[in-house]
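A short worksheet on the structure shown next.
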Amino acid sequence: MNEAILNKASQLPEEPGVYIFKNEKDDVVYVGKAKKLKRRVLSYFRESTWSKNEKARCIAEEAEDLDFIMVTSEREALLLEANLIFNKKPKFNVLLRDSRTYPYIYISADQYPYLAITRTKELEGSYFGPYTSAGLVRKLLEFLQKVFKIRTCTYELSRVKKPCFLYHLKMCSAPCVEKVSPEEYREQLSALIEFLEGDTLKVREALLKRMAVLSEALQFERAAEIRDILSTMDDLYAFQGVEAPLDLKADVLAVSAGLAALLQVRGGMLLGKLIFDFPEGTPIDFITQFYYAKGNRMPKALIVTGLKKKDIKQFKRDFPYIGEPRDEQEERLLSIAFKNIDEEMKIRLNATHSLKQAQQILGLKRFPSRIEGIDISHTQGLYTVASVVVFDNGKPNKSEYRRYRISELEEPNDFEAMATVVKRRYTKHPLPDLLLIDGGEPQLRAVEKAFAEIGIQEYEIVGLAKEFNELVFLDNRDRVKLKEEHPVLRMIISIDDEAHRFAINYHRVLRERRFQSSKIDDIPGIGPKRKKALMRAFGSVKGIAEASEADLYSVLRNSKAVEAVTKWANEKSGD
């Protein structure tokens, strides 16, 4: 037992706060909160605690230092604990992990904010979600544009001279050319936010009223536009596949079997049906990490079972209602949340079975819970790129996909490209349980050599020889050929296909970028700086070619350069 920590713990105050255990490397291994710090921390060093709580014993044995932060209330301790766990990710704390990357609707912090879809929360602004799928979010975004006419472009508005096609489609109010006042734009934005927070009935009633007024005024074409918008709204409800009361604004949480399922209902619309990995987690752990630490918006009501009165009391300030279902409709939604956990478990059991088979067939020492696939792409040696895709427990983890530009090669060489990306990746990242290489023995030998150069001796690797769908190994084992319908072969081919798709997409982006930019390289008087300014102002080669002389001059500030671009554009139009 560490006497230094025990001595420090005995001097802690009997006040609320957060305690932090650290290991010999000064890494945080556990964060906890307590109403009385001294009493709680000392409990970790009693044998009576160890006999009931194995994790407490492990924490006490690994801890080499102790820190604490005093707060004025249990609520402050709750918030501080949640944020420390989120930022430090201690090994002994229960951590909420997204089983996939979910999209958000983002509203920027500009003077005239824009709307966007994002899967990260890095920029300043407001975020709504996460939502179930990008398909639902795209439908929702299209509806929001039609109703509220908030811009979706990210242009520097002071540089824009004329409205884009979305203005003419009545999907943007064109703040770029002052077609809307700042006050009107803010009103539109406020109404949009109300809708995203669940006031959908208010929007529907306003649209119906507006349609009636237009019909009475015999403006049937404009009334038909409102009718189409309402139809789009109905399509959104149909897309979700779950019925909910139109006035319901609630999150419905189920925690079971190491998973958490969350249904997000706003104005009767199911916007999120989310699954999270949550081993040993409780509803309280989920609430603190998802809402407080991750900063997700809190609903008007949180329907959840298993909370005690003291738990409800500590969250009551932020949730107008939190607790058991209040009626049959909420009970039905909670039942759906638990059914989602059951379905996810079935899917994972099937994936686990395939991974167990893969471990046996491939002779792996470890269960391949994490598989990474690598592929190379180029066109006759130009723009050689590599992709790395990541599959966790048989499912793609797209947030960890990475792509690499291979610029070190003087001539095409797939083997050197493969070795290069292996060295670059695995000098910085840990090895997966299984590395899948697109190719046969030559590619595997290139990887073997690369691992030797960076001092890695133990690894699990297999190649996929696509011409015969055979699995290739580095040792003396014969190639393995499985039937096309075999679940292990299907899984490996899907990983390889995903790596190939990801590499090809990146290669096409680079190739298209080169093709587009090279078209204006030969215009006299247009050097790198002016070319960059033109591309920034007009967005594409086509935009430059269609720009007026006045617009060109506002960017280039040189009549000869404008003349050269105009001449080039005229010649281009005659091609």
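Sorting the segments 471-481, 287-297, 542-552 by their residues' average number of neighbouring beta-carbon atoms within 10 angstrom, most packed first, yields 287-297, 542-552, 471-481. When the GluC sites (Glu not before Pro) in the range 329-429 are filtered for DSSP coil states and for at most 12 other beta-carbon atoms within 10 Å of their beta-carbon, the remaining sites are Glu408, Glu410.
Shape verdict for the range 370-513, please, from the Cα gyration tensor: rounded (a/c under 1.5), prolate (a/b greater than b/c) or oblate. Mind showing how you got there, number by number?
Values: a/c = 1.42, a/b = 1.24, b/c = 1.15.
The shape class here is rounded.
Applying 1/(1 + (r/R0)^6) with R0 = 22 Å to the Cβ-Cβ distance of Glu331 and Ala257 gives a FRET efficiency near 0.60. When Asp414, Asp438, Asp228 are sorted by how many other C-beta atoms sit within 10 angstrom of their C-beta, beginning with the fewest, the order is Asp228, Asp414, Asp438.
Cross-link pairs exceeding 23 Å in C-alpha to C-alpha distance, out of Lys33/Lys300; Lys121/Lys423; Lys25/Lys91; Lys91/Lys300, comprise Lys33/Lys300; Lys121/Lys423; Lys91/Lys300. Annotation: extensible slack from Asp318 through Asp475 equals 50.5 nm (criterion: 0.36 nm per residue apart, minus Cα-Cα distance). Just so you know, the averaged projected area of the alpha carbon convex hull for the range 1-134 sits at 10.9 nm². Model label points for Arg557 and Asn7, set 7 angstrom from Cα along the Cα-to-Cβ axis, are 6.9 nm apart. Let me know the shape class of the range 104-240, please: from the alpha-carbon gyration tensor, a ≥ b ≥ c as square roots of the eigenvalues, rounded when a/c is under 1.5, otherwise prolate if a/b is greater than b/c, or oblate. Oblate is the answer for the range 104-240, as a/c is 1.5 or above yet b/c matches or exceeds a/b.
From the P(r) of the chain, can you give the percent of Cα pairs sitting at distances over 31 Å? Walk me through the numbers on the way to the answer.
Working: 107523 of 165025 pairs.
Considering the chain, 65 percent of its Cα-Cα pairs are separated by more than 31 Å.
Residues Asp375, Asp433, arranged from fewest to most other Cβ atoms within 10 angstrom of their Cβ, appear as Asp433, Asp375. Compactness of the range 3-61, taken as the C-alpha radius of gyration over 2.2 N^0.38 Å, stands at 1.07.
Here is how the number arises for the chain: DSSP H runs of 4 or more residues each give -39500 (n - 2.57), the sum is divided by the residue count, and the result at 222 nm is -14500 deg cm²/dmol.
Rule-based calculations on the coordinates, nothing more; no lab input. What you are looking at is a predicted structure, and each value in this text was computed from that prediction instead of being measured. Glycine also receives a Cβ, built like all others from the backbone with ideal geometry; neighbour counts cover every protein chain displayed.
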